[in-house]
Amino acid sequence: MKKTALAMATAAILGSSLALAGGHAKSVKLGVVLGFTGPAESLAESMARGAELAMKEVSASKLLLDGATVSHVRADSTCVDASAAAAAAERVIASDKVDAIIGALCSGATISILQNVAMPKGVLLFSPSATSPALSTLEDNDLFFRASPSDARQGQVISEVLQEKGIKSIAMTYTNNDYGKGLADSIQSNFEALGGKVTINTPHEDGKGDYGAEVGALAQAGGDILVVVGYLDQGGKGIIQSSLDAGAFDQFFLPDAMIGDSLVQAIGPDLNGSIGTVPGTDSNGAQIYADLAKKDGFEAGPYSPEAYDAAALTLLAMQAANSKDSNAVKAKIFDVANAPGTKILPGELAKGLQILKDGGQIDYVGATAVELIGAGESAGSYREILVKDGKNTTVRYR
Amino acid sequence: MTDFLNALTLLGNFLIIPGLTYGSQLALGALGVTLVYGVLRFSNFGHGETMAFGAMVTILVTWGLQSVGISIQPLPTALLAIPVGIAVTVLLTLLLDRFVYRYHRERKANPVIFLIVSIGVMFFLGGLIRFIIGPGDQIFFDGTRFILKAREFKQLTGLDEGLSLKMTQAVTIVTAVMIVAAMFWFLNHTRTGKSMRAYSDNENLALLSGINPDRVVMITWILVAALATIAGTLYGLDKSFKPFVYMQLLLPIFASAIVGGVGNPIGAIAGGYVIAFSELILTFAYKKVVLYLGPESMEVESLVQFLGTDYKIAVSFIILVIVLIIKPTGLFSGKTI
């Protein structure tokens, strides 16, 4: 009897060590490295909850790898401090031993993590919201993916919206970083290609108390609308408030990082009539996700669906690769994200895991109808926003 | 004629009113720095954070007043809370003097030691403020936002350009004028004020004529705390209250004090306006003004701007350097550093 027990224990230990050698595991850990402090902090919480919702769903299904549970660890990448971002990623890899990272929130932080930590350590990095065009061409050993489209695409969409509204000339100010400059340049080249005129394209610094001088220059240049490529909790808000105070502009165009409830609340009724764009889709995935989020006790804010998709795709690719090793997982991301295969919506991750386990194929649709292109970024559909009665309302999808 | 009025309104809206407001805020700040320099003989780097501290206490009291429903419409409630802010800040500066500066004063320490000590105080206060109220933006403005809206002005006058006057701008300018007048009256017409000036002029002679130095130092700190609280609150009301911003304000404030002649109250006020207007005038884009005033057919492609707005802070630096090279005593001949 004793011998049998011993033999079984030995077999179990051998078995588990074999499984570990094959990359199988009982537990998977993902780092949620987002800008919990800094100029886009109001978006981070809802995004983190989104990513964690996907992990919870996978964990509960007990279908991932060998019935692995998924745990997470949060870290603050900030938004503007590249060294803080790298340090946060370094920590979750070195001391928390995460298998992949969901993050970062801002483009600058993402580039820093990719170049300083993810590439040298060979860890997969999946950003829900980094949109700088620079990330499309950056050397990444195929370890970097994003659930958001490049701003090269957003610039095109914004120019089209502006032109359809009959706007002939724009004044533009951008937050002085990778995200701001990338998107502003993209808007300028696209808008000018459509025959529009950019009267001024000038940077502003975040974190100042007074934007009077910046607004003065913008007002002198003039234009039908002011395009504010900034952050809603920071300089972007300051520029809009200051423009309204001085009566410089009445209407604003708000790109993705300016869309959020905190801005409409802070500015009040004067913001009514302003327009904007934010990645979004009219697929029923978005609605399903919003309901799931509500059930979990949070509001699906901007980029929260992308965060869910980023985490879901990472875990599904692990299943497809039958391994949690980043180098095996990275090869499978495209397979699970794009056709052919059974379509998987939010809340159906268990079904997806099962199909993959049985050797089938899936086409992950998710909350944002994600379709990966190029070097691993979302093709991008956008929601056109109109601020009406103190709320961001959807005009249509494009 | 209409063109001329349009150009004038434009300058008024983007240069003159903001310049007067910003200048008043700098002048009040510089007055505090100059008082410390004149009487206590050191450059107080902790002044920016003292302003932030005063503003913070005022904000906390304002929130308290708002929550019990007390307001003084159409003026911002914060004005009602300023006296409490001043009282707490006076307590803070007196405590700091008792436990930090007095030790060095009794040993007749070198001004450089004082300066370094004040930098320490600056970091301590900065941490304390962020600990109490957090590093974020705080909005504590209430009451009527505008006295004159740009859109209303356009309708009223039929001009193309609008002129807007915010309540906070008016309050800032009016308060600054009142405070400065009271300050001069105090320094020139009261016994205490005269003893302060005497002490500042010649310490030994003042002591010989029976002026109590401890009293002079105490009065100075009380005045400095009051000025700092008022300046900090006005700046926070007009722009926004964010602890870090006050540290950035230190440079233009010191530039104002030095340009006007450090230790000289008139100089501090003049310096405040000189710095404020130079920053704005040099970074303003004159495109539309040129279009209004120039001949009908003129085409202007560029913005007609001397410096990008990013260089705003550099302007006060450059003026500071020029003044120190050409006229180190400042415009109104204060003491040289």
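Summary table
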{"quantity": "Aspartates and glutamates with Cα under 18 Å of B:Lys108, excluding same-chain neighbours fewer than 8 positions away", "calculated": "B:Asp97, B:Asp201, B:Glu203, B:Asp214"}
{"quantity": "Helical segments meeting 24 Å axial Cα length and Kyte-Doolittle -0.5 threshold in chain A (DSSP H)", "calculated": "A:2-21, A:41-61, A:304-321"}
{"quantity": "Candidates A:Ala266, A:Ala286, A:Ala86: whichever shows maximal mean-square fluctuation once chain A is modelled as a Gaussian network with Cα springs under 10 Å", "calculated": "A:Ala266"}
{"quantity": "Estimated dipole of the protein assembly as shown in Debye, rounded to 20 [Cβ of Lys and Arg +1, of Asp and Glu -1, Cα centre]", "calculated": "2200 debye"}
{"quantity": "Euclidean distance of C-alpha centroids, segment B:267-329 and segment A:245-314, integer Å", "calculated": "39 Å"}
{"quantity": "Partners for A:Lys168 among aspartates and glutamates (Cα-Cα distance below 15 Å; same-chain residues under 8 apart left out)", "calculated": "A:Glu160, A:Glu192, A:Asp224"}
{"quantity": "Shielding by partners, peptide B:10-16 (average Cβ within 10 angstrom, other chains)", "calculated": "3"}
{"quantity": "Cβ-Cβ FRET estimate between B:Leu128 and B:Ser297, R0 fixed at 45 Å, reported to 0.05", "calculated": "0.15"}
{"quantity": "Rounded, prolate or oblate (a/c below 1.5 giving rounded, otherwise prolate when a/b exceeds b/c) for chain A by Cα gyration tensor", "calculated": "prolate"}
{"quantity": "Size of electric dipole in chain A: Cβ of Lys, Arg +1 and of Asp, Glu -1, about Cα centre, debye, nearest 20", "calculated": "1480 debye"}
{"quantity": "Among A:Ala290, A:Gly260, A:Ser243 - extreme Cα towards positive end, dipole of segment A:221-348, charges at beta-carbon", "calculated": "A:Ala290"}
{"quantity": "Overall form of segment B:1-124 per C-alpha gyration tensor (a/c, 1.5; a/b vs b/c)", "calculated": "oblate"}
{"quantity": "Proxy reagent accessibility, fewest Cβ within 10 Å first, across A:Ser27, A:Ser243, A:Ser77", "calculated": "A:Ser27, A:Ser243, A:Ser77"}
{"quantity": "Shape call, segment A:142-271: gyration tensor on alpha carbons, a/c limit 1.5", "calculated": "oblate"}
{"quantity": "Derived scalar couplings ³J(HN,Hα) [segment B:255-271; Karplus, 6.51 cos²θ - 1.76 cosθ + 1.60; whole Hz; x for Gly, Pro]", "calculated": "4, 4, 4, 6, 4, x, x, 5, x, 10, x, 4, x, 4, 5, 4, x"}
{"quantity": "Simple Cβ-charge dipole of segment B:2-245, Lys/Arg +1 and Asp/Glu -1, about Cα centre, in debye nearest 20", "calculated": "540 debye"}
{"quantity": "Inter-chain shielding of B:229-241 (mean C-beta neighbours from other protein chains, 10 Å cut-off)", "calculated": "2"}
{"quantity": "Interchain or long-range residues, amide H under 5 Å from A:Ile170's placed H", "calculated": "A:Lys197, A:Val198, A:Thr199, A:Asp224"}
{"quantity": "Packing-based ranking, highest mean first, of B:203-212, B:83-92 given that Cβ atoms within 10 Å are counted", "calculated": "B:83-92, B:203-212"}
{"quantity": "For chain A, calculated [θ]222 nm from helices alone, where every DSSP H run of n ≥ 4 adds -39500 (n - 2.57)", "calculated": "-13500 deg cm²/dmol"}
{"quantity": "Cα-based convex hull volume of chain B per residue, rounded to whole Å³", "calculated": "153 Å³"}
{"quantity": "Positive dipole terminus of the protein assembly as shown, leading residue within B:Val180, B:Pro83, A:Pro120 (C-beta point charges)", "calculated": "B:Pro83"}
{"quantity": "Residue among B:Tyr235, B:Tyr103, B:Tyr199 with the largest mean-square fluctuation in a Gaussian network model of chain B, springs linking Cα atoms under 10 Å", "calculated": "B:Tyr103"}
{"quantity": "Ellipsoid equivalent to the protein assembly as shown - semi-axes via the Cα gyration tensor, in Å", "calculated": "55, 34, 21"}
{"quantity": "Amide H partners (placed H, <5 Å) of A:Ala75, local residues excluded", "calculated": "A:Val32, A:Val33, A:Leu34"}
{"quantity": "Number of partner chain Cβ atoms within 10 Å, mean per residue of A:198-210", "calculated": "5"}
{"quantity": "Positive-pole candidate from B:Leu15, B:Leu96, B:Gly232, dipole of segment B:2-245, charges at beta carbon", "calculated": "B:Leu96"}
{"quantity": "Proximal charge balance of B:Val90 [Cβ under 15 Å; K/R count +1, D/E count -1]", "calculated": "+1"}
{"quantity": "Amide N proximity, segment B:228-252 versus B:Ile119 label position 7 Å along Cα-to-Cβ, cut-off under 19 Å", "calculated": "B:246-252"}
{"quantity": "Table column - 3J(HN,Hα) (Hz), segment A:382-398, Karplus curve with 6.51, -1.76, 1.60, x for Gly and Pro", "calculated": "10, 9, 8, 10, 10, 7, 9, 6, x, 9, 7, 10, 8, 8, 6, 10, 9"}
{"quantity": "Estimated vicinal HN-Hα couplings, Hz - segment B:3-17 in sequence order (Karplus 6.51, -1.76, 1.60; Gly, Pro = x)", "calculated": "4, 4, 5, 4, 4, 5, 4, 4, 5, x, 5, 9, 10, 6, 5"}
{"quantity": "Least to most buried among B:Ile113, B:Ile230 (fewest other Cβ within 10 Å first)", "calculated": "B:Ile113, B:Ile230"}
{"quantity": "Neighbourhood net charge (15 Å Cβ-Cβ; Lys/Arg +1, Asp/Glu -1) for B:Gly29", "calculated": "-3"}
{"quantity": "Segment A:298-398 - convex hull of alpha carbons, volume per residue in Å³", "calculated": "112 Å³"}
{"quantity": "Helix B:191-201 axis, angle to chain B major axis (alpha carbon atoms, nearest 10°)", "calculated": "90 degrees"}
{"quantity": "Packing-based exposure ordering (other Cβ within 10 Å, fewest first) of B:Arg102, B:Arg145, A:Arg49, B:Arg191", "calculated": "B:Arg191, B:Arg102, B:Arg145, A:Arg49"}
{"quantity": "Cα-based reach from A:Lys97 at 15 Å (exclusive), listing aspartates and glutamates while leaving out same-chain residues under 8 positions away", "calculated": "A:Asp325"}
{"quantity": "Helix B:111-133 vs. chain B, principal-axis angle (Cα, 0 to 90°, nearest 10)", "calculated": "60 degrees"}
{"quantity": "Long-range amide H partners of A:Val70 with built H, under 5 Å", "calculated": "A:Val28, A:Ser59"}
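Read the figures in this text as sums done on the coordinates, not as results from a lab. Computed from a prediction, not measured in an experiment: that's the story for all the values here. Cβ: placed from backbone, ideal geometry, glycine included. Neighbour counts: every protein chain shown.
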